Every structure is written in C-alpha cells, then in structure tokens.
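The values are calculated or read from the model by the stated rules, or taken from the named source; none is laboratory data. All values derive from a computational prediction rather than experimental measurement. Note that each Cβ is placed from the backbone with ideal geometry, even for glycine, and that neighbours are counted across all protein chains shown. For the accessible areas, the whole protein counts, side chains as well, though only heavy atoms, and no ligand, DNA or RNA atoms are used. Shrake-Rupley method; radii C 1.70, N 1.55, O 1.52, S 1.80 Å.
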Amino acid sequence: MVRNKSACVVLLFSLFLSFGLLCSAKDFPGRRGDDDPSKRYEDCRRRCEWDTRGQKEQQQCEESCKSQYGEKDQPQRHRPEDPQRRYEECQQECRQQEERQQPQCQQRCLKRFEQEQQQSQRQFQECQQHCHQQEQRPEKKQQCVRECREKYQENPWRGEREEEAEEEETEEGEQEQSHNPFLFHRRSFQSRFREENGNFRVLQRFASRHPILRGINEFRLSILEANPNTFVLPHHCDAEKIYLVTNGRGTLTFLTHENKESYNIVPGVVVRVPAGSTVYLANQDNKEKLIIAVLHRPVNNPGQFEEFFPAGSQRPQSYLRAFSREILEPAFNTRSEQLDELFGGRQSRRRQQGQGMFRKASQEQIRALSQEATSPREKSGERFAFNLLSQTPRYSNQNGRFFEACPREFRQLRDINVTVSALQLNQGSIFVPHYNSKATFVILVTEGNGYAEMVSPHLPRQSSYEEEEQEEEEEEQEQEEERRSGQYRKIRSRLSRGDIFVVPANFPVTFVASQNQNLRMTGFGLYNQNINPDHNQRIFVAGKINHVRQWDSQAKELAFGVSSRLVDEIFNNNPQESYFVSRQRQRASE
C-alpha cells in the first residue's frame, strides 16, 4: 500500500513538472517570444518611429533601444523593403480602418516615411565616411561607395550609369562626392503633400550644406508632380514664384486682384505667379506625369514660405475654417450649417475623405479647365508667361544648345530678378569651361545622365551650417581661406535625372553628357539682393571666344612663363567650336 502511494506521488510530481515545462517553453531563448531581445529591439525601435517628434529625439530613442536590447549582438537582418512600398502598404491599411481614424493613420504613415528617408540618408553618409576612413586604394574606395549607394540610396530616377572610365575619380585635388555641398540628390527634398495622385516636395535650404551658399538662401526650390488627369487645389503663397515645366502637359490658371490668367503648359513654358495670387493646375495628359520646378522668393521670411488653401478637408484644411462663425456668417450672409458643409464640416470631411492637395478629375472637367487657356510662345506675347524653348538659342551647334531668358530682355522676370535657362547637350559632348560673374545657378537634371566638373577654392568640409555658430565658424574659415588662397580642388559630380547641382558665381564649371545618353537640364540664375542681374556676364575660358585670346602678348608670356605664340596656339586651337565640343572627335584625332 505504501509502495502504491509513493508511486502515485512520483507520478503526480512528474505530471506537474511536465506541465510547468510546457507552459514555460514559449519563453526559452530559442523561441521568438516576448523576451526575445531581437523582437523587443524591433518593437522598441518601432515605438521610436511612431511616438517621437523630430529627428534628434528619434535618434536618441533608437540609441537607447540599442543599448538596452543589444542590437549589435543580434544576427544581421536582411535589408528592409523599399520605404515607398511600405508607405503605400501603410496607406492601404489606413483605408481599411474607420473613417474617423483614417486621417490620423495617414499622418502616421507620412511621418514614418519621412523619418525613414532621413534615416536612410544618415546611414548612407555614415557608410561613405566609413569607406573613406577604412579603404586606402582608390578602386576599393569607389567600390565601397557604390555599395553604399546601392544599399541606402536606390533611386527610381537613376538612369544608366556612366561608363566606368568616366566615373573614375582621382584622390588628389578632388572633392569626394560624399562631402560635396553643391550636389543635392532626390533625398534632399522633403514632401509637404505626398498623396496617391501627386507629390509636392521642397528642397532643403541651400545654406544648410555650406555658408558659401548663403547668398541664395532666401530662395527655395520645390518640385510639383501631378499624375495623369489630376487637379491641383487652388491656393496662394506668401512668395513670388516661377513655374518651369519640365515634363508633361497641362493647364495653369491664376488670379490676381485685376484679372485671371490661364495658360496651356508644356516643357519649356515659364510662368511667373505674383505673391498672393490664387493658382490651380490640371494635368491634361492621360499617361504622363506633369512635372514642374517651382522657384520661390518668400515675401515674409527669407527662405520660408507657406501655402494657403481656401478649399480643403483635412490635409490641407481650408484656411477659412480658422475664422469664427461670428465673422463668417455676416461676411458670407450664410447660415453656419451651410458654411460647415462648404468649408470642411463633418459631412464635408466625410465626402472628401482621402482627398488632399491632388484630386482625380474626369476628362470632361480637364477639357473644361483648359478652354480659355492660351499657349505662350514669344517673350513679349504674354504678360506673365513665355516658352523658353521657343526662343532663339543663345549658343548652338551640332553638339548642343543653350537657351536663356534674362530680366533685361524678358519683362516677366523683372520683378523677381531671376534668369531662367535650359541646356540640351548631345551624347558625348561637352559644354566648355566657363563661369558667371554675378549669378549663382541652381541646375535641375531633367533627362539623361553625365557629370559636372567644377573648380572650387579649398572650402572647409561642412555638412551643415547653424546660424548660432556663425561667428566662431566664420573666423576659423577666414583663417583657413587665407592659408589656402590660390589653391583649388576639382569637384566632380555625377548627374542623373532629378539631381540638383549649384554653381556659385565665378566658379569655373563644365558639363559633360555620357557617351550613350543626351543630357537635358534646366536652371535658375539667382542673385544676391544687392546685385543688378543685368550686369551678369558668362565668361568662357575655352572655345572660340575664350577671354585669354584678348590678353596682351606680354601678359600671356608673364602669366604662363612661355612664349605668347604657344599660348595662342593652345587657346586658339579650336577656331570652329565656340561653346560645345565633342569628345569623340578629340579621341579620333588622337
């Protein structure tokens, strides 16, 4: 009997022990339970993305997650999927929620997408810095940088890469791409309105890269993209604006206090919109996007501008909703119920759910919007618009064409004092070295790829510029500039569609198209407030009309230390070509 009781006790104890082990098995380190450090790290990092405000706070939060859960001890995770795809999936999940929850969900999606863009750019810069510190051989360093770009900066705007021989960069006397304050990639833009039917994104301020660009820091550049058959909501802005169409076709209408202007717009059309004018647009095409480069010159705060929408729902809202009912009812002589329905009340928001700055329109509506529009061509034909590509090229030959509109000749540009230009460079061709005496050019690549080479003084490397540190940094930079005066470095920048390249005044520069693609670019010539744009000169240092040809013989001999005859032989060696030359012909002669 005793023996049976002992056996029962042992059996019961074994059963309890087995049950306890089964219940705790989910917490073993080999299982991905709640105590798995890798999962907890991911949960912590995700909370940082959603709950923090600002890039600095998010970065501090993520560092805390790393130290707490030991990310460095975790196995290497695969590369995350494309942020754009994750953003679209997030938006789809929002649409499945209740209507009242959708706006907040969409805001979280947008916030996370923008933070991921910033994080990716930060990781790309850190990866490049690692390459330059660890790799000594130039070819290894270039391979390392390419791998960084492929991992963190995959860009749908990228066309074919340059041939390997064109991309080789020597270490001596050259500004590395990662420390180039004059090149802005697509990731340098921040989206203000990124929606299913379009995108409005603004380039970071120019002086955030380097104080040498402070002279144009009052300007801002943005890109507006509208999908086929899309309407852009009416709005006005506290900035003088220039619209330059780079792709597609559409209609642009704006209203001043005097009258209404409406234009059919195609690539090359330039429209100046005065500050405070209400403007709306429509993409007429059924297949292509309408893409417009917009230059802003703010009238309130230099370098800062805002849009004001009279009609809207959640994002953007109607600015009329900010007025009190005591103002709106007598002003419109209308009951508050009707005002709520019109200016974004509950019923109006439900009706416009999911619609933002960009609205899908029927083809009949698009055609109706363009009925009164005119097509600008000549520089004197319209008060506010002209077609840059319909003008006579300023420079032209079989290798390329250059169009330019200056305030002195185009009245549409006088109030804002900006030059507009377009460069069409055939494949394998060079726009010979030159510089501008007064204008800083902001150049947007619209088609093809190639590269720019620019001569720059030995500027201190600087990725950001804070105004509160201005005095101390300027003193250090002044001492550095004095020590290195008369020394220069070559800045070679690969250019692809969507890139922005800034050429400061008096910096010699040349542009080269790749061997297998034409290169198309548009640009804005910007001037400091105290400079008259009519006095800008483009001075060529090579080609048929280079300025060295005009030097006195004695000046040539004293400057170069050789006979003036040899100087003339070199600088006059290309009598037929003035502005554009072909690399193929030079290689054939060799």
Calc'd 3J(HN,Hα), the range 288-301, phi into Karplus 6.51 cos²θ - 1.76 cosθ + 1.60 (θ = phi - 60°), Hz, glycine/Pro = x, comes to 8, 6, 9, 10, 9, 8, 10, 9, 10, 10, x, 9, 9, 10
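What FRET efficiency comes out for the pair Glu341/Arg377, r = Cβ-Cβ distance, R0 = 30 Å, nearest 0.05?
Numbers: r = 44 Å, r/R0 = 1.45.
For Glu341 and Arg377, the calculated efficiency is 0.10.
Kindly state, to the nearest 0.05, the FRET efficiency for Phe308 paired with Ser64, given R0 = 45 Å and r defined as their beta-carbon distance.
On the way: r = 40 Å, r/R0 = 0.89.
According to the calculation, E is roughly 0.70.
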Note to self: C-alpha centroids of the range 412-430 and the range 215-244 sit apart, in Å, by 18 Å
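Please give the per residue accessible area of the range 481-548, computed with a probe of 1.4 Å over protein heavy atoms only, in Å².
Working: 2830 Å² over 68 residues.
Counting only protein heavy atoms, the per-residue value for the range 481-548 is 42 Å².
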Quickly work out the Glu557-to-Glu126 label distance, labels modelled 7 Å from Cα along the C-beta direction, and quote it in nm with one decimal. 6.2 nm
Arg394's amide H: which non-local residues (gap 5+, or another chain) put their own amide H closer than 5 Å, with H modeled 1.01 Å from N in plane and none for Pro or chain starts? Phe402, Phe403, Glu404
Using amide H atoms built 1.01 Å from N in the peptide plane, name the residues 5+ places from Ala239, or on other chains, whose amide H lies under 5 Å from its own. Gly276, Val299
Just grab the label-to-label distance for Ala331 and Arg408, each label 7 Å out from Cα along the Cβ direction, in nm (one decimal). 4.6 nm
In nm, give the distance between the simple-model label positions of Asn573 and His547, each being 7 Å from the Cα along the Cα-to-Cβ direction. 2.2 nm
Of the cross-linked pairs Lys111/Lys360; Lys111/Lys438; Lys289/Lys438; Lys66/Lys140; Lys438/Lys556; Lys241/Lys438, which ones have a Cα-Cα span greater than 32 Å in the structure shown? Lys111/Lys438; Lys289/Lys438
Just the number, please: carbon plus sulfur as a percent of the accessible area of the range 260-326, 1.4 Å probe, no ligands or DNA/RNA counted. 47 percent
Using 17 Å as the cut-off for backbone N distance, which residues of the range 103-134 belong to the label zone defined by a point 7 Å from the Cα of Arg86 along Cα→Cβ? 106-125
With θ set to phi - 60° and the Karplus curve 6.51 cos²θ - 1.76 cosθ + 1.60, what are the ³J(HN,Hα) couplings of the range 207-222 in order, to the nearest whole Hz, using x for Gly and Pro? 6, 5, 8, 6, x, 5, 9, 4, x, 10, 6, 6, 8, 9, 10, 9
Can you give the local net charge around Gly248? Use residues other than it whose beta-carbon is closer than 15 angstrom to its beta-carbon, Lys and Arg +1, Asp and Glu -1. +1
Kindly write out, for the range 313-322 in residue order, the coupling ³J(HN,Hα) from the Karplus curve 6.51 cos²θ - 1.76 cosθ + 1.60 (θ = phi - 60°), rounded to whole Hz, with x marking Gly and Pro. 10, 9, 9, x, 8, 6, 5, 5, 5, 6
